[in-house]
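The block underneath contains the structure these notes are about, expressed in C-alpha coordinates.
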Amino acid sequence: VPQHVWRINLDTPEEAHQNLSFGAADRWWEQTDLTKLILASNKLQCLSEDVKLLPALTVLDVHDNQLTSLPSALGQLENLQKLDVSHNKLKSIPEELMQLSHLKSLLLHHNELSHLPDGFGQLVNLEELDLSNNHLTDIPTSFALLIKLVRLNLSCNQLRNLPEDISAMKSLRQLDCSKNHLETVPSKLATMASLEQLYLRKNKLRSLPEFPSCKLLKELHAGENQIEILNAENLKHLNSLSVLELRDNKIKSVPDEITLLQKLERLDLTNNDISRLPYTLGNLPQLKFLALEGNPLRTIRRGLLQKGTQELLKYLRSKIQDDVTSPNEEPPVTAMTLPSESRINMHAITSLKLLEYSEKQAAVIPDEMFDAVRSHPVTTLNFSKNQLKEVPPRIAELKDSVCDVSLGFNKISSISLELCMLHKLTHLDIRNNFLTSLPEEMEALTRLQTINLSFNRFKVFPSVLYHIVALETVLLSNNQVGSIDPLQLKKMDKLGTLDLQNNDLLQVPPELGNCESLRTLLLEGNPFRTPRAAVLARGTAAVLEYLRSRIPT
(Lines give C-alpha, C1' and ligand atoms only; values in the text may rest on other atoms or scores of the structure.)
Protein backbone atom coordinates (compact mmCIF):
# COMPACT_ATOMS: atom_id res chain seq x y z
CA VAL A 1 0.00 0.00 0.00
CA PRO A 2 1.55 3.35 -0.97
CA GLN A 3 2.73 5.21 2.13
CA HIS A 4 0.71 8.35 1.37
CA VAL A 5 -2.50 6.30 1.75
CA TRP A 6 -1.70 5.72 5.43
CA ARG A 7 -0.72 9.40 5.83
CA ILE A 8 -3.73 10.83 3.99
CA ASN A 9 -5.08 12.43 7.21
CA LEU A 10 -1.72 13.95 8.15
CA ASP A 11 -0.04 15.32 5.04
CA THR A 12 -1.18 18.51 3.35
CA PRO A 13 -2.13 17.87 -0.26
CA GLU A 14 0.17 18.84 -3.15
CA GLU A 15 -1.92 21.85 -4.12
CA ALA A 16 -1.17 23.53 -0.80
CA HIS A 17 2.43 24.03 -1.82
CA GLN A 18 1.44 25.92 -4.95
CA ASN A 19 0.23 29.42 -4.55
CA LEU A 20 -3.36 28.94 -5.66
CA SER A 21 -6.56 30.48 -4.53
CA PHE A 22 -8.89 27.88 -3.06
CA GLY A 23 -12.61 27.71 -3.69
CA ALA A 24 -14.89 26.57 -0.87
CA ALA A 25 -14.82 22.95 -2.09
CA ASP A 26 -11.03 22.77 -2.10
CA ARG A 27 -10.30 23.82 1.44
CA TRP A 28 -8.14 20.86 2.29
CA TRP A 29 -7.65 22.08 5.84
CA GLU A 30 -11.38 21.51 6.42
CA GLN A 31 -11.36 17.93 5.14
CA THR A 32 -12.65 15.26 7.55
CA ASP A 33 -10.62 12.14 8.31
CA LEU A 34 -10.86 9.11 6.05
CA THR A 35 -13.68 6.72 7.09
CA LYS A 36 -13.63 4.02 4.40
CA LEU A 37 -10.64 2.26 2.87
CA ILE A 38 -11.14 -0.44 0.23
CA LEU A 39 -8.05 -2.36 -0.92
CA ALA A 40 -9.83 -5.49 -2.13
CA SER A 41 -8.66 -7.74 -5.00
CA ASN A 42 -5.02 -6.76 -5.06
CA LYS A 43 -1.86 -8.72 -4.32
CA LEU A 44 -1.12 -7.46 -0.82
CA GLN A 45 0.98 -9.82 1.28
CA CYS A 46 1.00 -7.67 4.40
CA LEU A 47 -0.63 -4.57 5.90
CA SER A 48 1.51 -1.92 7.56
CA GLU A 49 1.18 -1.12 11.27
CA ASP A 50 0.67 2.46 9.96
CA VAL A 51 -3.00 1.54 9.60
CA LYS A 52 -3.27 3.12 13.08
CA LEU A 53 -2.81 6.54 11.45
CA LEU A 54 -6.40 6.22 10.17
CA PRO A 55 -8.29 6.13 13.50
CA ALA A 56 -11.57 7.36 11.98
CA LEU A 57 -11.99 4.31 9.73
CA THR A 58 -15.41 2.65 10.00
CA VAL A 59 -14.92 0.30 7.03
CA LEU A 60 -11.76 -1.58 6.05
CA ASP A 61 -12.04 -4.02 3.17
CA VAL A 62 -8.97 -6.05 2.16
CA HIS A 63 -10.72 -9.18 0.85
CA ASP A 64 -9.16 -11.21 -1.97
CA ASN A 65 -5.48 -10.52 -1.35
CA GLN A 66 -2.60 -12.71 -0.23
CA LEU A 67 -2.38 -11.70 3.41
CA THR A 68 -0.89 -14.30 5.76
CA SER A 69 -1.25 -12.13 8.88
CA LEU A 70 -2.88 -8.93 10.15
CA PRO A 71 -1.13 -6.03 11.93
CA SER A 72 -1.82 -5.81 15.67
CA ALA A 73 -2.36 -2.06 15.16
CA LEU A 74 -5.81 -2.94 13.77
CA GLY A 75 -6.86 -3.13 17.41
CA GLN A 76 -6.45 0.66 17.67
CA LEU A 77 -9.13 1.44 15.03
CA GLU A 78 -11.72 1.97 17.71
CA ASN A 79 -14.36 3.31 15.29
CA LEU A 80 -14.20 0.31 12.95
CA GLN A 81 -17.63 -1.21 12.27
CA LYS A 82 -16.94 -3.46 9.27
CA LEU A 83 -13.81 -5.50 8.62
CA ASP A 84 -13.59 -7.76 5.58
CA VAL A 85 -10.45 -9.91 5.41
CA SER A 86 -12.06 -12.86 3.58
CA HIS A 87 -10.34 -14.76 0.74
CA ASN A 88 -6.79 -14.41 2.09
CA LYS A 89 -4.29 -16.85 3.60
CA LEU A 90 -4.65 -15.98 7.27
CA LYS A 91 -3.63 -18.72 9.69
CA SER A 92 -4.43 -16.75 12.84
CA ILE A 93 -6.03 -13.53 14.09
CA PRO A 94 -4.18 -11.09 16.40
CA GLU A 95 -5.57 -10.91 19.95
CA GLU A 96 -5.63 -7.10 19.56
CA LEU A 97 -8.52 -7.45 17.12
CA MET A 98 -10.70 -8.35 20.11
CA GLN A 99 -10.50 -4.71 21.28
CA LEU A 100 -12.73 -3.51 18.40
CA SER A 101 -15.79 -3.04 20.56
CA HIS A 102 -17.81 -1.19 17.88
CA LEU A 103 -17.31 -3.88 15.20
CA LYS A 104 -20.63 -5.00 13.69
CA SER A 105 -19.50 -7.08 10.71
CA LEU A 106 -16.45 -9.37 10.64
CA LEU A 107 -15.87 -11.44 7.49
CA LEU A 108 -13.15 -14.08 7.80
CA HIS A 109 -14.35 -16.71 5.32
CA HIS A 110 -12.01 -18.54 2.92
CA ASN A 111 -8.83 -18.36 5.00
CA GLU A 112 -6.69 -21.00 6.71
CA LEU A 113 -7.74 -20.44 10.33
CA SER A 114 -7.49 -23.48 12.57
CA HIS A 115 -8.27 -21.72 15.85
CA LEU A 116 -9.75 -18.47 17.13
CA PRO A 117 -8.66 -16.22 20.04
CA ASP A 118 -10.44 -17.05 23.31
CA GLY A 119 -11.38 -13.40 23.74
CA PHE A 120 -13.80 -13.49 20.80
CA GLY A 121 -16.70 -12.74 23.13
CA GLN A 122 -15.38 -9.18 23.66
CA LEU A 123 -16.76 -8.20 20.24
CA VAL A 124 -20.09 -7.57 21.96
CA ASN A 125 -21.59 -5.42 19.17
CA LEU A 126 -20.99 -7.97 16.43
CA GLU A 127 -24.07 -8.61 14.28
CA GLU A 128 -22.56 -10.58 11.39
CA LEU A 129 -19.74 -13.13 11.59
CA ASP A 130 -18.63 -15.31 8.67
CA LEU A 131 -16.03 -18.01 9.45
CA SER A 132 -16.94 -20.40 6.63
CA ASN A 133 -14.32 -22.28 4.58
CA ASN A 134 -11.56 -22.43 7.20
CA HIS A 135 -9.98 -25.31 9.15
CA LEU A 136 -11.70 -24.77 12.51
CA THR A 137 -12.15 -27.81 14.75
CA ASP A 138 -13.78 -26.00 17.66
CA ILE A 139 -15.44 -22.74 18.68
CA PRO A 140 -14.37 -20.65 21.73
CA THR A 141 -16.93 -20.83 24.57
CA SER A 142 -16.82 -17.02 24.79
CA PHE A 143 -19.04 -17.01 21.65
CA ALA A 144 -21.89 -17.10 24.16
CA LEU A 145 -21.26 -13.40 24.86
CA LEU A 146 -22.08 -12.36 21.27
CA ILE A 147 -25.67 -11.60 22.19
CA LYS A 148 -26.24 -9.12 19.34
CA LEU A 149 -25.12 -11.55 16.64
CA VAL A 150 -27.78 -11.98 13.95
CA ARG A 151 -25.94 -14.06 11.30
CA LEU A 152 -23.30 -16.71 12.00
CA ASN A 153 -21.75 -18.79 9.23
CA LEU A 154 -19.58 -21.75 10.32
CA SER A 155 -20.01 -23.87 7.17
CA CYS A 156 -17.17 -25.80 5.51
CA ASN A 157 -14.99 -26.31 8.57
CA GLN A 158 -14.05 -29.40 10.58
CA LEU A 159 -16.29 -28.92 13.61
CA ARG A 160 -17.19 -32.12 15.46
CA ASN A 161 -19.52 -30.41 17.91
CA LEU A 162 -21.04 -27.05 18.80
CA PRO A 163 -20.69 -25.63 22.32
CA GLU A 164 -23.98 -25.60 24.24
CA ASP A 165 -23.27 -21.94 25.10
CA ILE A 166 -24.05 -20.98 21.51
CA SER A 167 -27.68 -21.03 22.64
CA ALA A 168 -27.06 -17.80 24.60
CA MET A 169 -26.99 -15.86 21.29
CA LYS A 170 -30.48 -14.52 21.81
CA SER A 171 -30.53 -12.38 18.63
CA LEU A 172 -29.28 -15.05 16.22
CA ARG A 173 -31.57 -15.42 13.22
CA GLN A 174 -29.37 -17.34 10.76
CA LEU A 175 -26.99 -20.18 11.65
CA ASP A 176 -25.13 -22.11 8.96
CA CYS A 177 -23.19 -25.22 10.06
CA SER A 178 -23.28 -27.07 6.71
CA LYS A 179 -20.36 -29.26 5.63
CA ASN A 180 -18.79 -30.05 8.99
CA HIS A 181 -18.40 -33.31 10.95
CA LEU A 182 -21.25 -32.78 13.41
CA GLU A 183 -22.71 -36.01 14.78
CA THR A 184 -25.11 -34.27 17.16
CA VAL A 185 -26.55 -30.82 17.72
CA PRO A 186 -26.72 -29.56 21.33
CA SER A 187 -30.27 -29.84 22.61
CA LYS A 188 -29.98 -26.28 23.94
CA LEU A 189 -29.93 -25.05 20.35
CA ALA A 190 -33.66 -25.59 20.52
CA THR A 191 -34.02 -22.70 22.97
CA MET A 192 -32.84 -20.07 20.45
CA ALA A 193 -36.05 -18.13 20.19
CA SER A 194 -34.97 -15.76 17.37
CA LEU A 195 -33.63 -18.43 15.01
CA GLU A 196 -35.23 -18.24 11.54
CA GLN A 197 -32.84 -20.18 9.29
CA LEU A 198 -30.83 -23.24 10.32
CA TYR A 199 -28.50 -25.02 7.89
CA LEU A 200 -27.12 -28.42 8.97
CA ARG A 201 -26.53 -29.99 5.54
CA LYS A 202 -23.68 -32.41 4.84
CA ASN A 203 -22.84 -33.47 8.38
CA LYS A 204 -23.07 -36.83 10.14
CA LEU A 205 -26.28 -36.26 12.08
CA ARG A 206 -28.32 -39.35 12.96
CA SER A 207 -31.27 -37.40 14.33
CA LEU A 208 -32.71 -33.91 14.53
CA PRO A 209 -32.93 -31.95 17.78
CA GLU A 210 -36.31 -31.08 19.23
CA PHE A 211 -37.25 -27.44 18.85
CA PRO A 212 -39.56 -26.42 21.72
CA SER A 213 -38.71 -22.68 21.55
CA CYS A 214 -37.94 -22.13 17.86
CA LYS A 215 -41.33 -20.63 17.17
CA LEU A 216 -39.90 -18.35 14.45
CA LEU A 217 -37.86 -20.98 12.58
CA LYS A 218 -38.77 -20.63 8.89
CA GLU A 219 -36.14 -22.79 7.18
CA LEU A 220 -34.53 -26.04 8.29
CA HIS A 221 -32.00 -27.57 5.91
CA ALA A 222 -30.64 -30.95 7.05
CA GLY A 223 -30.05 -32.82 3.78
CA GLU A 224 -27.13 -35.20 3.20
CA ASN A 225 -26.88 -36.54 6.74
CA GLN A 226 -27.64 -39.98 8.20
CA ILE A 227 -30.97 -39.16 9.81
CA GLU A 228 -33.07 -42.31 10.18
CA ILE A 229 -35.99 -41.20 12.29
CA LEU A 230 -38.21 -38.17 11.98
CA ASN A 231 -40.15 -37.83 15.24
CA ALA A 232 -43.33 -36.01 16.01
CA GLU A 233 -41.28 -34.22 18.69
CA ASN A 234 -38.96 -32.82 16.02
CA LEU A 235 -41.85 -31.17 14.23
CA LYS A 236 -44.68 -30.22 16.49
CA HIS A 237 -43.36 -26.85 17.73
CA LEU A 238 -42.26 -25.50 14.33
CA ASN A 239 -45.36 -23.41 13.67
CA SER A 240 -43.57 -20.96 11.33
CA LEU A 241 -41.63 -23.48 9.22
CA SER A 242 -41.95 -22.86 5.49
CA VAL A 243 -38.95 -24.88 4.16
CA LEU A 244 -38.03 -28.38 5.37
CA GLU A 245 -35.18 -29.93 3.41
CA LEU A 246 -34.23 -33.51 4.38
CA ARG A 247 -33.01 -34.99 1.09
CA ASP A 248 -30.36 -37.74 0.96
CA ASN A 249 -30.92 -39.16 4.44
CA LYS A 250 -32.16 -42.57 5.61
CA ILE A 251 -35.61 -41.56 6.83
CA LYS A 252 -38.01 -44.50 6.77
CA SER A 253 -41.32 -42.83 7.61
CA VAL A 254 -42.99 -39.45 7.91
CA PRO A 255 -45.07 -38.92 11.08
CA ASP A 256 -48.68 -37.78 10.81
CA GLU A 257 -47.69 -34.71 12.85
CA ILE A 258 -46.14 -33.22 9.71
CA THR A 259 -49.62 -31.83 9.09
CA LEU A 260 -49.10 -29.48 12.06
CA LEU A 261 -46.67 -27.50 9.87
CA GLN A 262 -49.47 -25.35 8.46
CA LYS A 263 -47.09 -22.81 6.87
CA LEU A 264 -44.94 -25.38 5.05
CA GLU A 265 -44.29 -24.36 1.43
CA ARG A 266 -41.36 -26.62 0.43
CA LEU A 267 -40.78 -30.20 1.56
CA ASP A 268 -37.82 -32.06 0.06
CA LEU A 269 -37.59 -35.77 0.96
CA THR A 270 -35.67 -36.89 -2.15
CA ASN A 271 -33.50 -40.03 -1.81
CA ASN A 272 -34.62 -41.46 1.53
CA ASP A 273 -36.05 -44.87 2.50
CA ILE A 274 -39.67 -43.76 2.79
CA SER A 275 -42.12 -46.48 1.77
CA ARG A 276 -45.37 -44.71 2.65
CA LEU A 277 -46.65 -41.20 3.37
CA PRO A 278 -49.43 -39.88 5.57
CA TYR A 279 -52.18 -39.02 3.09
CA THR A 280 -53.06 -35.98 5.22
CA LEU A 281 -49.95 -34.35 3.74
CA GLY A 282 -52.34 -33.44 0.92
CA ASN A 283 -54.12 -31.03 3.28
CA LEU A 284 -51.16 -28.70 3.96
CA PRO A 285 -52.63 -25.40 2.73
CA GLN A 286 -49.42 -23.63 1.62
CA LEU A 287 -47.44 -26.57 0.18
CA LYS A 288 -46.14 -25.65 -3.28
CA PHE A 289 -43.18 -28.00 -3.71
CA LEU A 290 -43.01 -31.66 -2.65
CA ALA A 291 -40.02 -33.76 -3.80
CA LEU A 292 -40.16 -37.54 -3.25
CA GLU A 293 -37.98 -39.03 -6.02
CA GLY A 294 -35.62 -41.80 -5.00
CA ASN A 295 -37.83 -43.33 -2.28
CA PRO A 296 -39.19 -46.91 -2.32
CA LEU A 297 -42.77 -45.61 -2.19
CA ARG A 298 -45.15 -48.49 -2.43
CA THR A 299 -48.41 -46.64 -2.95
CA ILE A 300 -47.38 -43.87 -5.34
CA ARG A 301 -46.46 -44.75 -8.90
CA ARG A 302 -43.40 -43.17 -10.42
CA GLY A 303 -45.44 -41.64 -13.21
CA LEU A 304 -47.41 -39.69 -10.63
CA LEU A 305 -44.23 -38.31 -9.05
CA GLN A 306 -43.24 -36.86 -12.40
CA LYS A 307 -46.52 -34.99 -12.79
CA GLY A 308 -45.53 -32.43 -10.18
CA THR A 309 -46.60 -31.32 -6.74
CA GLN A 310 -50.21 -30.29 -7.39
CA GLU A 311 -51.17 -33.65 -8.95
CA LEU A 312 -49.46 -35.46 -6.12
CA LEU A 313 -51.32 -33.49 -3.44
CA LYS A 314 -54.58 -34.06 -5.25
CA TYR A 315 -53.90 -37.81 -5.23
CA LEU A 316 -53.04 -37.78 -1.51
CA ARG A 317 -56.25 -35.87 -0.72
CA SER A 318 -58.31 -38.38 -2.70
CA LYS A 319 -56.85 -41.16 -0.55
CA ILE A 320 -57.79 -39.55 2.78
CA GLN A 321 -61.42 -40.50 2.16
CA ASP A 322 -60.42 -44.13 1.57
CA ASP A 323 -58.56 -44.15 4.85
CA VAL A 324 -61.57 -42.86 6.73
CA THR A 325 -63.99 -45.39 5.23
CA SER A 326 -61.78 -48.38 5.96
CA PRO A 327 -59.55 -47.61 8.96
CA ASN A 328 -56.22 -49.39 9.09
CA GLU A 329 -56.98 -52.02 11.74
CA GLU A 330 -57.37 -55.75 12.04
CA PRO A 331 -60.78 -57.00 10.91
CA PRO A 332 -62.89 -58.45 13.72
CA VAL A 333 -62.76 -62.23 14.07
CA THR A 334 -66.19 -63.55 13.04
CA ALA A 335 -67.52 -66.89 11.90
CA MET A 336 -66.80 -65.78 8.34
CA THR A 337 -63.14 -64.98 9.04
CA LEU A 338 -60.52 -67.68 9.22
CA PRO A 339 -58.65 -67.27 12.51
CA SER A 340 -55.34 -67.01 10.65
CA GLU A 341 -56.67 -64.16 8.56
CA SER A 342 -57.11 -61.81 11.49
CA ARG A 343 -53.33 -61.20 11.39
CA ILE A 344 -53.46 -60.10 7.79
CA ASN A 345 -53.91 -56.47 6.92
CA MET A 346 -57.00 -56.74 4.70
CA HIS A 347 -57.19 -52.95 4.48
CA ALA A 348 -53.83 -52.92 2.72
CA ILE A 349 -54.95 -55.63 0.33
CA THR A 350 -58.34 -54.16 -0.54
CA SER A 351 -57.64 -50.43 -0.34
CA LEU A 352 -53.95 -50.06 -1.15
CA LYS A 353 -53.80 -53.20 -3.34
CA LEU A 354 -50.67 -54.07 -1.36
CA LEU A 355 -49.56 -57.51 -0.20
CA GLU A 356 -46.87 -56.96 2.41
CA TYR A 357 -44.86 -59.39 4.51
CA SER A 358 -41.56 -57.62 5.10
CA GLU A 359 -38.98 -57.36 7.89
CA LYS A 360 -40.18 -60.65 9.40
CA GLN A 361 -36.91 -62.61 8.99
CA ALA A 362 -39.10 -65.35 7.49
CA ALA A 363 -37.66 -68.25 5.48
CA VAL A 364 -41.00 -68.79 3.70
CA ILE A 365 -44.07 -66.67 3.08
CA PRO A 366 -47.09 -68.21 4.88
CA ASP A 367 -49.75 -69.59 2.54
CA GLU A 368 -52.41 -67.57 4.34
CA MET A 369 -50.90 -64.41 2.80
CA PHE A 370 -51.67 -65.68 -0.71
CA ASP A 371 -55.01 -67.16 0.41
CA ALA A 372 -56.09 -63.74 1.68
CA VAL A 373 -55.70 -62.16 -1.74
CA ARG A 374 -58.32 -64.45 -3.30
CA SER A 375 -60.33 -62.26 -5.67
CA HIS A 376 -58.71 -58.95 -4.70
CA PRO A 377 -56.23 -57.88 -7.38
CA VAL A 378 -53.03 -56.64 -5.70
CA THR A 379 -50.66 -54.42 -7.69
CA THR A 380 -47.80 -54.19 -5.20
CA LEU A 381 -45.99 -56.99 -3.42
CA ASN A 382 -43.37 -56.41 -0.73
CA PHE A 383 -41.53 -59.42 0.72
CA SER A 384 -38.27 -57.56 1.41
CA LYS A 385 -35.98 -58.00 4.43
CA ASN A 386 -36.64 -61.67 5.14
CA GLN A 387 -34.55 -64.85 4.87
CA LEU A 388 -36.06 -66.13 1.61
CA LYS A 389 -33.77 -68.44 -0.36
CA GLU A 390 -36.07 -68.60 -3.38
CA VAL A 391 -38.84 -66.60 -5.02
CA PRO A 392 -42.13 -67.84 -3.45
CA PRO A 393 -43.68 -70.16 -6.12
CA ARG A 394 -47.25 -68.92 -5.41
CA ILE A 395 -46.24 -65.49 -6.71
CA ALA A 396 -47.47 -66.79 -10.09
CA GLU A 397 -51.07 -66.53 -8.80
CA LEU A 398 -50.75 -62.73 -8.95
CA LYS A 399 -49.66 -62.63 -12.59
CA ASP A 400 -52.71 -60.75 -13.87
CA SER A 401 -52.44 -57.80 -11.50
CA VAL A 402 -49.08 -57.32 -9.82
CA CYS A 403 -46.80 -54.66 -11.33
CA ASP A 404 -44.41 -53.80 -8.49
CA VAL A 405 -42.41 -56.51 -6.72
CA SER A 406 -39.89 -56.00 -3.93
CA LEU A 407 -37.78 -58.97 -2.83
CA GLY A 408 -34.73 -56.99 -1.67
CA PHE A 409 -32.57 -57.97 1.33
CA ASN A 410 -33.13 -61.74 1.18
CA LYS A 411 -30.91 -64.71 0.33
CA ILE A 412 -32.24 -65.49 -3.14
CA SER A 413 -29.64 -67.04 -5.44
CA SER A 414 -31.72 -67.57 -8.59
CA ILE A 415 -34.82 -66.19 -10.28
CA SER A 416 -37.63 -68.73 -10.68
CA LEU A 417 -39.75 -69.23 -13.78
CA GLU A 418 -42.81 -68.19 -11.71
CA LEU A 419 -41.43 -64.66 -11.52
CA CYS A 420 -41.03 -64.62 -15.30
CA MET A 421 -44.80 -65.15 -15.62
CA LEU A 422 -45.69 -61.76 -14.08
CA HIS A 423 -46.38 -60.21 -17.46
CA LYS A 424 -47.65 -56.90 -15.99
CA LEU A 425 -44.49 -56.29 -13.97
CA THR A 426 -43.07 -52.75 -14.32
CA HIS A 427 -40.84 -52.45 -11.23
CA LEU A 428 -38.66 -55.21 -9.80
CA ASP A 429 -36.42 -54.69 -6.76
CA ILE A 430 -34.15 -57.62 -5.87
CA ARG A 431 -31.21 -55.72 -4.41
CA ASN A 432 -29.03 -57.26 -1.67
CA ASN A 433 -29.43 -60.94 -2.59
CA PHE A 434 -27.05 -63.66 -3.84
CA LEU A 435 -27.85 -63.54 -7.58
CA THR A 436 -25.12 -64.34 -10.11
CA SER A 437 -27.30 -64.53 -13.25
CA LEU A 438 -30.81 -63.97 -14.63
CA PRO A 439 -32.74 -66.57 -16.71
CA GLU A 440 -33.38 -65.89 -20.43
CA GLU A 441 -37.11 -66.45 -19.69
CA MET A 442 -37.20 -62.98 -18.14
CA GLU A 443 -37.45 -61.68 -21.70
CA ALA A 444 -41.21 -62.30 -21.27
CA LEU A 445 -41.39 -59.31 -18.87
CA THR A 446 -42.02 -56.92 -21.74
CA ARG A 447 -43.38 -54.11 -19.53
CA LEU A 448 -40.49 -54.02 -17.08
CA GLN A 449 -39.28 -50.41 -16.66
CA THR A 450 -37.08 -50.52 -13.56
CA ILE A 451 -34.88 -53.27 -12.19
CA ASN A 452 -32.71 -52.94 -9.09
CA LEU A 453 -29.96 -55.58 -8.91
CA SER A 454 -27.55 -53.65 -6.64
CA PHE A 455 -25.50 -55.56 -4.06
CA ASN A 456 -25.67 -58.99 -5.71
CA ARG A 457 -22.91 -61.14 -7.21
CA PHE A 458 -23.10 -60.53 -10.96
CA LYS A 459 -19.77 -60.87 -12.77
CA VAL A 460 -21.19 -59.92 -16.19
CA PHE A 461 -24.02 -57.65 -17.29
CA PRO A 462 -27.06 -60.01 -17.45
CA SER A 463 -27.56 -60.51 -21.19
CA VAL A 464 -31.35 -60.95 -20.96
CA LEU A 465 -31.68 -57.28 -19.96
CA TYR A 466 -30.49 -56.27 -23.44
CA HIS A 467 -33.71 -57.80 -24.80
CA ILE A 468 -36.19 -56.09 -22.45
CA VAL A 469 -36.67 -52.96 -24.51
CA ALA A 470 -39.10 -51.23 -22.10
CA LEU A 471 -36.34 -50.88 -19.48
CA GLU A 472 -35.77 -47.27 -18.38
CA THR A 473 -33.67 -47.82 -15.25
CA VAL A 474 -31.06 -50.50 -14.57
CA LEU A 475 -29.36 -50.36 -11.16
CA LEU A 476 -26.40 -52.73 -10.95
CA SER A 477 -24.11 -51.00 -8.46
CA ASN A 478 -21.95 -52.97 -6.00
CA ASN A 479 -21.59 -56.17 -8.04
CA GLN A 480 -18.50 -57.54 -9.80
CA VAL A 481 -19.47 -56.72 -13.39
CA GLY A 482 -16.35 -56.79 -15.57
CA SER A 483 -17.74 -55.83 -18.98
CA ILE A 484 -20.69 -54.36 -20.88
CA ASP A 485 -21.71 -54.60 -24.54
CA PRO A 486 -22.29 -51.05 -25.87
CA LEU A 487 -23.81 -52.23 -29.18
CA GLN A 488 -26.49 -54.22 -27.34
CA LEU A 489 -27.06 -51.35 -24.88
CA LYS A 490 -27.70 -48.98 -27.77
CA LYS A 491 -30.73 -51.09 -28.75
CA MET A 492 -32.28 -50.30 -25.34
CA ASP A 493 -33.57 -46.99 -26.60
CA LYS A 494 -35.67 -46.21 -23.50
CA LEU A 495 -32.76 -46.65 -21.08
CA GLY A 496 -32.32 -43.36 -19.19
CA THR A 497 -30.48 -44.47 -16.03
CA LEU A 498 -27.65 -46.99 -15.81
CA ASP A 499 -25.88 -47.36 -12.45
CA LEU A 500 -22.67 -49.40 -12.59
CA GLN A 501 -20.89 -47.87 -9.57
CA ASN A 502 -18.50 -50.05 -7.56
CA ASN A 503 -18.02 -52.88 -10.04
CA ASP A 504 -14.93 -54.37 -11.71
CA LEU A 505 -14.95 -52.55 -15.06
CA LEU A 506 -11.34 -52.36 -16.24
CA GLN A 507 -12.34 -50.32 -19.27
CA VAL A 508 -15.29 -48.32 -20.55
CA PRO A 509 -15.94 -49.02 -24.25
CA PRO A 510 -15.95 -45.72 -26.20
CA GLU A 511 -19.05 -46.88 -28.16
CA LEU A 512 -21.04 -46.45 -24.95
CA GLY A 513 -21.00 -42.77 -25.92
CA ASN A 514 -23.50 -43.58 -28.68
CA CYS A 515 -26.19 -44.56 -26.15
CA GLU A 516 -27.83 -41.18 -26.45
CA SER A 517 -30.94 -42.04 -24.46
CA LEU A 518 -28.82 -42.18 -21.27
CA ARG A 519 -29.49 -39.25 -18.96
CA THR A 520 -27.73 -40.71 -15.91
CA LEU A 521 -24.66 -42.92 -16.24
CA LEU A 522 -22.89 -43.72 -12.96
CA LEU A 523 -19.45 -45.31 -13.19
CA GLU A 524 -17.59 -44.21 -10.03
CA GLY A 525 -15.74 -46.82 -7.99
CA ASN A 526 -14.51 -48.97 -10.90
CA PRO A 527 -10.83 -49.79 -11.58
CA PHE A 528 -10.70 -48.33 -15.13
CA ARG A 529 -8.16 -45.58 -15.88
CA THR A 530 -10.18 -43.57 -18.38
CA PRO A 531 -12.39 -41.59 -18.27
CA ARG A 532 -10.60 -40.01 -15.32
CA ALA A 533 -12.43 -38.88 -12.17
CA ALA A 534 -12.40 -35.23 -13.34
CA VAL A 535 -14.39 -36.20 -16.47
CA LEU A 536 -16.84 -38.34 -14.44
CA ALA A 537 -17.41 -35.42 -12.08
CA ARG A 538 -18.66 -33.27 -14.97
CA GLY A 539 -21.75 -35.42 -15.37
CA THR A 540 -23.30 -37.86 -17.84
CA ALA A 541 -23.44 -35.61 -20.94
CA ALA A 542 -19.73 -34.81 -20.60
CA VAL A 543 -18.80 -38.49 -20.11
CA LEU A 544 -20.78 -39.58 -23.20
CA GLU A 545 -19.20 -36.80 -25.26
CA TYR A 546 -15.73 -37.82 -24.04
CA LEU A 547 -16.40 -41.47 -24.95
CA ARG A 548 -17.67 -40.51 -28.44
CA SER A 549 -14.47 -38.54 -29.03
CA ARG A 550 -12.47 -41.74 -28.44
CA ILE A 551 -14.32 -43.96 -30.93
CA PRO A 552 -11.73 -45.02 -33.54
CA THR A 553 -12.68 -43.65 -36.98
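The values are calculated or read from the model by the stated rules, or taken from the named source; none is laboratory data. Not measured: the values here are computed from a predicted model. We place every Cβ from the backbone using ideal geometry, glycine too, and count neighbours over all the protein chains shown. Note: areas computed on protein heavy atoms with side chains; ligands, DNA, RNA excluded. Shrake-Rupley method; radii C 1.70, N 1.55, O 1.52, S 1.80 Å.
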Protein accessible area in the chain, 1.4 Å probe - carbon and sulfur %: 49 percent
Taking only Cα atoms, what is the 0 to 90° angle, nearest 10, from helix 309-325's long axis to the longest principal axis of the chain? 50 degrees
Once all Cα-Cα distances of the stretch 346-549 are split into 5 Å bins that start at 0, what whole-number percent is in each one? 1, 7, 15, 19, 18, 13, 10, 7, 5, 3, 1, 0
Cα convex hull of the stretch 417-496: how many Å³ per residue? 78 Å³
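Rounded to the nearest 20 Debye, what is the dipole magnitude of the stretch 182-321 about its Cα centre when Lys and Arg each give +1 and Asp and Glu each give -1 at the C-beta? Let's see the in-between values first.
Numbers: 22 positive and 16 negative charges, 84 e Å.
The calculation lands at about 400 debye.
Students often check this: by mean Cβ neighbours within 10 Å, which of 523-532, 238-247 ranks highest, and how do the rest follow? If you can, show how the numbers build up before the last one.
Details: 523-532: 13.4, 238-247: 19.7.
In descending order of packing, they fall as 238-247, 523-532.
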Give a residue-ordered list of calculated ³J(HN,Hα) values for the stretch 265-281 (Karplus: 6.51 cos²θ - 1.76 cosθ + 1.60, θ = phi - 60°; whole Hz; x for Gly, Pro). 10, 10, 10, 10, 10, 3, 6, 10, 10, 6, 9, 8, 10, x, 4, 5, 3
Residues with amide H under 5 Å from that of Leu136, placed H, sequence gap 5 or more: Gln158
Answer with a single label: of (i) -0.57, -1.01; (ii) -0.59, -1.12; (iii) -0.74, -1.09, which was calculated as log10 I(q)/I(0) by the Debye sum over Cα atoms at q = 0.08, 0.11 Å⁻¹ from the structure in view? (iii)
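Can you give the Rg to Rh ratio of the stretch 182-321, both from alpha-carbon atoms, with Rh computed by the Kirkwood formula?
Checking Rg against Rh, the ratio lands at 0.95.
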Run the 1.4 Å probe and let me know the accessible area of Phe458, rounded to the nearest 10 Å². 0 Å²
Just tell me which lysines come within less than 22 Å, Cα to Cα, of Lys250; anything on the same chain fewer than 8 places away is out. Lys179, Lys202, Lys204, Lys236, Lys360, Lys385
Calc'd 3J(HN,Hα), the stretch 394-410, phi into Karplus 6.51 cos²θ - 1.76 cosθ + 1.60 (θ = phi - 60°), Hz, glycine/Pro = x, comes to 6, 4, 4, 5, 9, 4, 8, 10, 6, 10, 9, 10, 10, 10, x, 6, 10
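Just from its helices, what would the mean residue ellipticity at 222 nm be for the chain, if runs of 4 or more DSSP H residues each count -39500 (n - 2.57) and the sum is divided by every residue, rounded to the nearest 500 deg cm²/dmol? Could you put the intermediate results ahead of the total?
On the way: 9 runs with 60 residues, N = 553.
Mean residue ellipticity at 222 nm (helix-derived): -2500 deg cm²/dmol.
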Taking the chain as the reference, fit the longest principal axis to its C-alpha atoms, fit the long axis of helix 540-549 to the helix C-alpha atoms, and give the angle between the two in degrees, 0 to 90, nearest 10. 80 degrees
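Over the chain, give the accessible area per residue in Å² for a 1.4 Å probe, as an integer. Don't skip to the answer; put the middle values down first.
Details: 26660 Å² over 553 residues.
Spelled out: the 1.4 Å probe surface of the chain, per residue, equals 48 Å².
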